[in-house]
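K.L.:
Below: one structure in structure tokens.
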Amino acid sequence: MTDRRTELAANLSKVEERIAAACDAAGRKREEVTLIVVTKTYPASDVRILSELGVRHVAENRDQDAAPKAAACADLPLTWHFVGQLQTNKVRSVVSYADLVQSVDRPKLVTALSTAAVRAERELGCLIQVALDAEENGRGERGGVGPGGIEELADLVAGAPGLRLDGLMTVAPLTGPYAGRQQAAFERLMEFATLMRATHPAANMVSAGMSADLEQAVAAGATHVRVGTAVLGVRPGLG
Ligand SMILES: *Cc1c(COP(=O)(O)O)cnc(C)c1O
């Protein structure tokens, strides 16, 4: 346990240095970027250590793993983000612990989240997940809505009881015109975010960048980076 703490502290400070350097290079203040540690596949004991080390935002992508972990960590001052593809039959569970869902990508999911949030008497923050590799009105292979679907979803979330429209999220595409061009992808996301803020001025979160491309996300203007591997280590198997 002591060893794990030392390891996580060292990794966290390396990531912190990377974020600070990227902010510096971009002429941004460090406070403009929030670190979300993606704890998927790692145990609640790691989440507890991270909390002791000052982490305030954690993210998960599978309800089966996240629900017991969040319950075991309910005493910690953490904000929980859900970032995975979400089936409507898991919505009720996710809404019981998640403060934000970053993977909103279809109208049916908005309706289900709204119903669950109202029932739980919670306000749920929502980010629209944008698939930059999808057809204009299509859907991405790793979830997300094509650019043509952003406005409709944003309006739906903004008008849904129990939901708060917070901004946009993306995962850098592995295929299509943005493959290998993370910064261009994140800059495109920023353009969509700016457009969205014209009608939804409070929706100012832009979640982009992971362990491999957080610098590009900070350079493009992301407000939130989601870092797993660089803090917790390489996930065994598929994560
Ligand atoms: C796993 C995951 C991350 C973190 O990825 P790393 O490469 O481990 O930093 C970020 N965002 C989403 C949506 C993820 O599923």
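The values are calculated or read from the model by the stated rules, or taken from the named source; none is laboratory data. Predicted model only: the values in this text are computed from it and were never measured. Here the Cβ positions follow ideal geometry from the backbone for every residue, glycine too, while neighbour counts run over all protein chains shown.
K.L.:
Against the condition part of a loop (DSSP other than H, G, I, E, B) and more than 20 Å from ALA198 (Cα to Cα), how does ARG92 come out, does it pass?
P.N.:
So ARG92 does not fit the description; no.
K.L.:
Which of the residues belonging to the range 49-66 are buried (at least 17 other Cβ atoms within 10 Å of the Cβ), free of Cβ contacts under 8 Å to residues at least 60 places away in the same chain and assigned to a helix (DSSP H, G or I)?
P.N.:
Result: ILE49, SER51, ASP63, ASP65, ALA66.
K.L.:
Of all residues in the range 195-239, how many are modelled with pLDDT under 95 and either crowded, with 18+ Cβ neighbours inside 10 Å or more than 10 Å from the ligand (Cβ to nearest atom) (or both)?
P.N.:
So the answer is 3.
K.L.:
Which one of GLY125, GLY148, GLY162, GLY138 is over 17 Å from GLY84 (Cβ atoms), touching a residue at least 24 places away in the same chain (Cβ under 8 Å), surrounded by fewer than 23 Cβ atoms within 10 Å (Cβ to Cβ) and among the small types (Gly, Ala, Ser)?
P.N.:
Only one candidate passes the filter, namely GLY162.
K.L.:
Could you check the range 22-36 and list, in sequence order, the residues that are over 20 Å from the mean Cα position of the chain (by Cα) and touching a residue at least 60 places away in the same chain (Cβ under 8 Å)?
P.N.:
Listed by number, the residues that qualify are ALA25, ALA26, ARG28.
K.L.:
On to the next question. Tell me which of these ALA185 doesn't satisfy, since it passes every other one: (1) crowded, with 20+ Cβ neighbours inside 10 Å; (2) more than 16 Å from the ligand (Cβ to nearest atom).
P.N.:
Condition (2) is where ALA185 drops out.
K.L.:
Has the range 113-121 got at least one residue that is buried (at least 21 other Cβ atoms within 10 Å of the Cβ), under 19 Å from the mean Cα position of the chain (by Cα) and either within 16 Å of the ligand (Cβ to nearest atom) or modelled with pLDDT under 95 (or both)?
P.N.:
No, that holds for no residue.
Here is a yes/no grid of residues against (1) within 14 Å of the ligand (Cβ to nearest atom); (2) among the aliphatic types (A, V, I, L, M); (3) surrounded by fewer than 16 Cβ atoms within 10 Å (Cβ to Cβ):
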{"residue": "ALA22", "(1), (2), (3)": "no, yes, no"}
{"residue": "TYR42", "(1), (2), (3)": "yes, no, no"}
{"residue": "ALA72", "(1), (2), (3)": "no, yes, yes"}
{"residue": "GLY84", "(1), (2), (3)": "yes, no, no"}
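K.L.:
Just wondering, is there one or more residues in the range 99-112 that are under 16 Å from ILE128 (Cα atoms), within 16 Å of the ligand (Cβ to nearest atom), in contact (Cβ under 8 Å) with a residue 12 or more places away in the chain and among the hydroxyl-bearing types (Ser, Thr, Tyr)?
P.N.:
So far as the range 99-112 goes, yes, one or more of its residues are under 16 Å from ILE128 (Cα atoms), within 16 Å of the ligand (Cβ to nearest atom), in contact (Cβ under 8 Å) with a residue 12 or more places away in the chain and among the hydroxyl-bearing types (Ser, Thr, Tyr).
K.L.:
List the number of the failed condition for GLU7; all other conditions in (1) part of a helix (DSSP H, G or I); (2) more than 29 Å from ARG122 (Cβ to Cβ); (3) more than 16 Å from the ligand (Cβ to nearest atom) hold.
P.N.:
Only one criterion in (1) part of a helix (DSSP H, G or I); (2) more than 29 Å from ARG122 (Cβ to Cβ); (3) more than 16 Å from the ligand (Cβ to nearest atom) is unmet by GLU7, namely (3).
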